[in-house]
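Visitor: Sharing a structure with you now.
Values in this text are rule-based calculations from the coordinates and carry no lab data. Please read these numbers as outputs of a predicted model, since none were measured by experiment. Cβ coordinates were reconstructed from backbone atoms using ideal geometry, including for glycine residues, and neighbour counts include every protein chain displayed.
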């Protein structure tokens, strides 16, 4: 009979790694927005098309990086829920089996 179990340590370590990602990604999005803003100021009104392209680039990419941060945060939260549910399930099964009177097979 095959036995399956949840790798709690692996899930927990993956969640811990992911926990820092949203903050890092949001910091990157802020840095990107700052860099685009500085680029727009440097371009000035002389190159209106370039300024507009920079604005579009900054808006799209900062939004995309922020969306990645949100997805990473959600995944970390889901991993924590999955690990907790698995632990609860294992405890409930162990408790239920412990209450049964099953004779030992030698």
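Visitor: Compute the orientation-averaged projected area for the range 17-67 from the convex hull of its Cα atoms and round it to one decimal in nm².
Guide: Approximately 3.2 nm², given one-decimal rounding.
Visitor: On to the next question. Take peptides 63-75, 38-50 and line them up by average Cβ neighbours within 10 Å, highest first, as a rough protection proxy.
Guide: 63-75, 38-50
Visitor: If R0 is 41 Å, what FRET efficiency do you get for residue 90 and residue 67 from their C-beta distance, rounded to 0.05?
Guide: E between residue 90 and residue 67, to the nearest 0.05, is 0.75.
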